[in-house]
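Structure first, then comments.
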Amino acid sequence: MVQRRPLVAANWKMNGTLATLRPLLAEVIAGLDDGAAEVALCPAFVYLAEVAAAVADSRIAVGAQNVSEYTYGAYTGEVSAAMLKDYNCRFVIVGHSERRNLYAETDAGVAARFRAAQAAGLTPILCVGETLAEREADATEAVVGRQLNAVLTAVDDFAGAVVAYEPVWAIGTGRTASPEQAQAVHAFIRGQLPAACRQQTRILYGGSVKADNAATLFAMEDIDGGLIGGASLDARAFLDICHAA
Ligand code: PEP
């Protein structure tokens, strides 16, 4: 059986200011054990430099929350993959449901961002997930399969990338997919991946992961860690989640 190193990534979204993020960061750095899981922090762009400098001597990696599909040019408000590399980013989230739903990012646009990340040597964390209406219409696999396939057909190689299954109905709602519900979709996703990287690819679960449900989710066969929103803003909760992975 292939051993996949668990990954726990914090998605701080557009939360906090230096006044609150500095103590959070310090507490996470100080409290992290030297366990097996890889840990990444994804702050807003403007805090990448601060976070990258703070974690430089720790085992914490830095990630961004999005990346432009373009390499450079007149794209006001966008940030390129090369810029993220300048700040030692290893990871970048692409296709988060908030980007898809609030900023109209399409499957094709997400695939283009994924390619730009890959081309620059960043590890994309590709988010996929269905809405409640889609789940209730029994369309979970169709939606997740479509989102995944849009990227798989646009890239030459998927190896090294990370997938995050994030049911939209579980994000920030306090409603978590049961370990069995999540495992079923993770197994489906794994089955869709190219055979050459199917067993090695890490598939994270995201959606109201908390200190008290992390261990049971992470114990499932195809769940290789988590993408953590709300709970990552609480150092103690985030550390407990990291230590459960
Ligand atoms: C997310 O938005 O990626 C997420 C998982 O959020 P939360 O943990 O708050 O549900």
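Along the charge dipole of the chain, pointing to its positive end and built from +1/-1 on Cβ of Lys, Arg, Asp and Glu, which listed residue (ALA150, ALA137, ALA112) has its Cα farthest out?
ALA112
Starting at the first residue of region 201-206, write each ³J(HN,Hα) from the Karplus equation 6.51 cos²θ - 1.76 cosθ + 1.60 with θ = phi - 60°, in whole Hz, x for Gly and Pro.
6, 7, 10, 8, 9, x
Starting from the 7 Å offset along Cα-to-Cβ, what nm value, one decimal, do you get for the label separation of ALA56 and ALA215?
Placing both labels 7 Å beyond Cα along the Cβ direction yields 3.7 nm.
Could you work out how much longer the chain between GLU27 and VAL46 gets when fully extended? Use 0.36 nm per residue separation minus the Cα distance between them, nm to one decimal.
Working it through step by step, the gained length comes to 4.8 nm.
Given 0.36 nm per residue, what is the gain on full extension from VAL2 to ASP138 after removing their alpha carbon distance, in nm?
Working it through step by step, the gained length comes to 45.9 nm.
Taking the Cα of THR131, stepping 7 Å toward and past its beta carbon, and measuring to each backbone N in region 169-188: which are under 15 Å?
Answer for this model: 169-171.
Take the Cα gyration tensor of region 9-163, multiply each eigenvalue by 5, square-root it, and list the three semi-axes largest first, rounded to whole angstrom.
27, 19, 16
Ignoring the sites themselves, what is the longest stretch of the chain with no GluC sites (Glu not before Pro) in a DSSP loop and at most 16 other beta-carbon atoms within 10 Å?
That would be 79-220.
Which cross-chain or sequence-distant (5 or more) residues have an amide H under 5 Å from the amide H of VAL92, H modelled 1.01 Å from N in plane?
ALA64, THR123, ILE125
Put a dot 7 Å past each Cα toward the Cβ at GLU180 and LEU102; how far apart are the dots in nm?
It is 3.4 nm.
Between region 150-183 and region 1-60, how far is it from one alpha carbon centroid to the other, in angstrom?
Value for the Cα centre distance between the two parts: 20 Å.
Any read-out appearing in this document is the output of simple, stated calculations on the displayed coordinates, not a laboratory observation. Quantities reported herein were computed from a predicted structural model and do not represent experimental measurements. Reconstructed Cβ throughout: ideal geometry from the backbone, glycine too, with neighbour counts over all protein chains shown.
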